[in-house]
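Heads up: the structure comes next, in C-alpha cells.
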Amino acid sequence: MSTSVVVTGSGRGIGRAVAERLAADGWLVVGVERDPSIDTGPCAVVVTGDTAARATHTEAARRARELAPLGGWVNNAGITRLTPLDALDPDLVRDVVEINGLGYLWGCAAAVEAFIAQGGPGAIVNVGSIHGRASHPHHAAYEFTKGGVDALTRSVAVSHGPAGIRANAVAPGGVRTPSLQAHIEGSADPVATERGLAAGPPLRRIGEAPEIAAVVAFLLSPDAAYVSGQSIAVDGGWTASFG
C-alpha cells in the first residue's frame, strides 16, 4: 500500500532534495510552499500556504490523507536572519519565531492528530540545525528556534511514543543550498567565505542537500523503527570539533 508524507518547504534546497528522495523511495509526497510559482517537482500534490499558519498544516494533512494513509511528516520550511540583540528588529524576530518555531509546532500537531485518527504509527522528522547546539554571533532568534526544534522533537517522542509515533530531528551544518549560495555570493569576499565554510567541519567541505535527505529518509523508514527522540547532526563532524 502506498503511504503519503508531507514535506514543508519542498520547493528548494534541503526540502526539494528530501521530496525527491522520498518520491524515489515510493512515498506519495505532499509539498508545502509559500510561493505558488515554484516548480512542484516530485510532489504528487502541493499545498500553497504559510507554514506559520496552523491552517496550512491542517490542509496539508487533509490532502495527504486523501492520497493515502499518512505515514511521515517532515518539517523543513524555515528562514535564517541575523538578529543582534543590541539592535533587534521586532518584526524580523517575529517572522523567525513564527516560521521556525510555531510552524514546526503546528506541523507536529497536525501530524500527530492524523496519525492518531488513523489508529496507526507514524514518523516525524524535524529539520533543525547545528545552531541548536552551538552558537555563531548574532543568530539569537534563529538559535532560539533551532534549540526549540530539538526540544519539541523530544516532547513528541515522549508524549506520543506509546501510540507508535516516532519523532527525530536532523541538524545540518553548512549545506549547499540556494540560500547558502546567495550568502556566499553576496559576501564581501565570496572565495574566502566559501573557503571558510568548507574549512569548518573536519571533513573539510560543504555538505550537499541529498546527504541530508538520505538521513531524513532513513529516519522515516522501518530501518529506524527503534530510533526516536534523537537529534542527529549531519555536519561533517563540525559540532564534534573544537573548531
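The values are calculated or read from the model by the stated rules, or taken from the named source; none is laboratory data. It should be emphasised that the depicted structure is a prediction, and the values quoted were computed from it without experimental measurement. Cβ placement follows ideal geometry from the backbone for every residue including glycine, while neighbour counts extend to all protein chains displayed.
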Next item on the list: Of all residues in segment 199-239, count the ones that are out of contact with any helix residue (DSSP H, G or I) (no Cβ under 6 Å at 6 or more places or on another chain), among the small types (Gly, Ala, Ser) and either crowded, with 19+ Cβ neighbours inside 10 Å or modelled with pLDDT under 95 (or both).
Entry: 3
Next item on the list: From (1) at pLDDT 95 or above; (2) under 28 Å from Ser2 (Cβ atoms), pick out the condition that doesn't hold for Glu98.
Entry: (2)
Next item on the list: Output the residue which, of all residues in segment 46-95 that are modelled with pLDDT of 95 or more and touching a Leu at 6+ places or on another chain (Cβ under 7 Å), is surrounded by the most Cβ atoms within 10 Å (Cβ to Cβ).
Entry: Ala64
Next item on the list: Output the residues belonging to segment 153-168 that are in a helix (DSSP H, G or I) and touching a strand residue (DSSP E or B) at 6+ places or on another chain (Cβ under 7 Å).
Entry: Thr153, Val156, Ala157
Check: Among the residues of segment 208-220, is there at least one that is in contact with a Lys or Arg (Cβ under 9 Å, 6 or more places away or on another chain), of a type outside the set (A, V, I, L, M, F, W, C) and on the phi < 0 side of the Ramachandran plot?
Finding: yes
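Here's the yes/no breakdown for (1) over 16 Å from Val6 (Cα atoms); (2) buried (at least 23 other Cβ atoms within 10 Å of the Cβ):
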position	(1), (2)
Ala109	no, no
Val112	no, no
Pro121	no, no
Val127	no, yes
Ala134	yes, no
Pro137	yes, no
Ala140	yes, no
Phe144	yes, no
Next item on the list: Could you run through segment 181-216 and say how many residues are in contact (Cβ under 8 Å) with a residue 40 or more places away in the chain and out of contact with any strand residue (DSSP E or B) (no Cβ under 9 Å at 6 or more places or on another chain)?
Entry: 3
Item checked: Flag for Val18 being assigned to a strand (DSSP E or B) and within 17 Å of the chain's Cα centre (by Cα) -> no
Next item on the list: Tell me, yes or no, whether segment 37-51 has at least one residue that is farther than 15 Å from Cys108 by Cβ and in a helix (DSSP H, G or I).
Entry: no
Next item on the list: Please work out if Ala157 is in contact with a helix residue (DSSP H, G or I) (Cβ under 8 Å, 6 or more places away or on another chain), at pLDDT 95 or above and among the small types (Gly, Ala, Ser).
Entry: no
Check: Can you name the number of the only condition in (1) in contact with a Lys or Arg (Cβ under 8 Å, 6 or more places away or on another chain); (2) closer than 20 Å to Thr51 by Cβ; (3) in a helix (DSSP H, G or I) that Ala171 fails?
Finding: (3)
